[in-house]
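Reading through the structure tokens given below for one structure.
The values are calculated or read from the model by the stated rules, or taken from the named source; none is laboratory data. Small disclaimer: the values here were computed from a predicted structure and weren't measured. Here Cβ is always computed from backbone atoms with ideal geometry, including for glycine, and neighbour counts include all displayed protein chains.
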Number of protein chains: 2
Amino acid sequence: MKINVMTDVLEANDRIAAANREIFDKHGNLVLNLMSSPGAGKTTLLERTAEALRGKLRLGVIAGDIETTRDSERLQKYQLPVVQLTTGTACHLDANMIASALPHLDLSGIDILLIENVGNLVCPAEFKVGEDYKVMILSVTEGDEKPLKYPLMFRESSLLLINKIDLLPYTNFSLEEAKRNARKVNPDLETMEVCCTTGEGIGAWVSWLVERYQARFGKLRRA
Amino acid sequence: MKINVMTDVLEANDRIAAANREIFDKHGNLVLNLMSSPGAGKTTLLERTAEALRGKLRLGVIAGDIETTRDSERLQKYQLPVVQLTTGTACHLDANMIASALPHLDLSGIDILLIENVGNLVCPAEFKVGEDYKVMILSVTEGDEKPLKYPLMFRESSLLLINKIDLLPYTNFSLEEAKRNARKVNPDLETMEVCCTTGEGIGAWVSWLVERYQARFGKLRRA
């Protein structure tokens, strides 16, 4: 008898993800699962998003980290509802971890819930958490061939934010090549260029969020 | 009854790693397990190392990738013995994967075997493959707090190469802060600053390799 442990794990995960999704739907939350390599800019994107959404939509955050609560500390000044999950040795967030965070959030006070996954270009892509969309960040210092080398995450994502474009002159990263490689593994993947430190491109990203929210839940009822 | 799948997996892995290690010892191979985030510069380090070791010690490479054989293609021009492992969905190399590569390498013709792990700052640190040392690369664009956020890999490593120091002026990365954070999680961790694209610091890294080889196997018998 062969026991496929991984298949069992993923099936159990998907059931919990579906239950999370029902809870999010009931509360009118648009939920994004934000994934990237370590240091690609997830927390800085959250900071810029918190600033740009102010007065438009109410943001909540679940931040996953192996150790430390640095990310949630960075977000404190924006006075958002934030839950920090420390995963111990786990290299990704799964649906059960997200389920455990939900009782600590007032979901009816949140329009957009951003889930900051553990920095890892591999494992997080395998685990649904109940999100509407997976969004990933690739920084230009990581190289333009990454979609070919880590295809699953690019395949699973709806939007790719290419970050740190201020560093383009100092790298051999080609935006065209990166987009071509991304399209090879996922022809439907939207791409945007941003610089989370200077704020360049953040307007387009926030418009994308607002449009998705409106398409899903109608007008900006709570603005 | 509680079955700890992960403990069983790691114990089985360690047994195979010990068997690999015996094979390496018999052939006089100094073996390094090279780990980093995606795009931190592992393959470029291998290229610089191949150039710098020429005429000193004979280098061999096992390159692990989820998909694509791009890394081994980049190494072809150095005429090294290279085995490329494509791991499918696996986010790390384990001892069994390395064991499966060994019949494809003439180990008696290799002095230093560099194992390029999958780009991932989390999972590879848990799996021994039979190496003498774990070496990791952190690029300055990833941020100086990474030792605190991904402590296991920093704890398991003997040497930390801080790469892309040519980009220091364009980031808020502090070398001092990075080293202080690294020492907090591993007081024995050696650090070196390098730039794999310009070659800065590669001499010190290669001296480190040669010294470790000599300490282990005596004089450079095959030089």
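Residues in the range A:76-106 that are crowded, with 17+ Cβ neighbours inside 10 Å and β-branched (V, I, T): A:V82, A:V83, A:T87, A:I98.
Residue under question is B:V118, and the condition is that it be within 28 Å of A:S72 (Cα to Cα), among the β-branched types (V, I, T) and without any contact (Cβ under 8 Å) to a residue 60 or more places away in the chain; does it hold? Before you say what the answer is, go through the steps one by one.
Values: within 28 Å of A:S72 (Cα to Cα): no; among the β-branched types (V, I, T): yes; without any contact (Cβ under 8 Å) to a residue 60 or more places away in the chain: yes.
Judged against the criteria, B:V118 is not a match.
Answer with yes or no whether B:L113 is of a type in the set (A, V, I, L, M, F, W, C), more than 19 Å from A:T68 (Cα to Cα) and surrounded by fewer than 24 Cβ atoms within 10 Å (Cβ to Cβ). In short, no. Looking across the range B:190-201, the residues that are out of contact with any Gly (no Cβ under 7 Å at 6 or more places or on another chain) and away from every other protein chain (no Cβ under 11 Å) come down to B:E190, B:T191, B:T198, B:G199, B:E200, B:G201.
Check B:R48, B:R21 and return the single one that is within 22 Å of B:E211 (Cβ to Cβ), touching a Cys at 6+ places or on another chain (Cβ under 6 Å) and charged (D, E, K, R). Reasoning before the result, please.
On the way: B:R21 fails: touching a Cys at 6+ places or on another chain (Cβ under 6 Å).
Just one listed residue meets the conditions, B:R48.
Considering (1) surrounded by fewer than 22 Cβ atoms within 10 Å (Cβ to Cβ); (2) in a helix (DSSP H, G or I); (3) not hydrophobic (A, V, I, L, M, F, W, C), the lone condition that B:T49 does not fulfil carries the number (1).
Would you say B:S36 is under 28 Å from B:G203 (Cβ atoms), touching a strand residue (DSSP E or B) at 6+ places or on another chain (Cβ under 7 Å) and at pLDDT below 95?
Numbers: under 28 Å from B:G203 (Cβ atoms): yes; touching a strand residue (DSSP E or B) at 6+ places or on another chain (Cβ under 7 Å): yes; at pLDDT below 95: no.
No: the conditions fail for B:S36.
Figure legend. Inter-residue proximity from the range B:11-30: first residues among the aromatic types (F, W, Y), second residues in a helix (DSSP H, G or I), beta-carbon distance below 9 Å, spacing 6+ or different chains. Indicated pairs: B:F24/B:L102; B:F24/B:L107.
Considering only the range A:56-71, state which residues are modelled with pLDDT of 85 or more and more than 8 Å from chain B (Cβ to nearest Cβ).
Restricting attention to the range A:56-71, the residues satisfying the condition of being modelled with pLDDT of 85 or more are A:56-65.
A:K56, A:L57, A:R58, A:L59, A:G60, A:V61, A:I62, A:A63, A:G64 - these are the residues of the range A:56-71 that are modelled with pLDDT of 85 or more and more than 8 Å from chain B (Cβ to nearest Cβ).
Evaluated against (1) buried (at least 18 other Cβ atoms within 10 Å of the Cβ); (2) more than 30 Å from A:M153 (Cα to Cα), B:K56 falls short on exactly one condition, (1).
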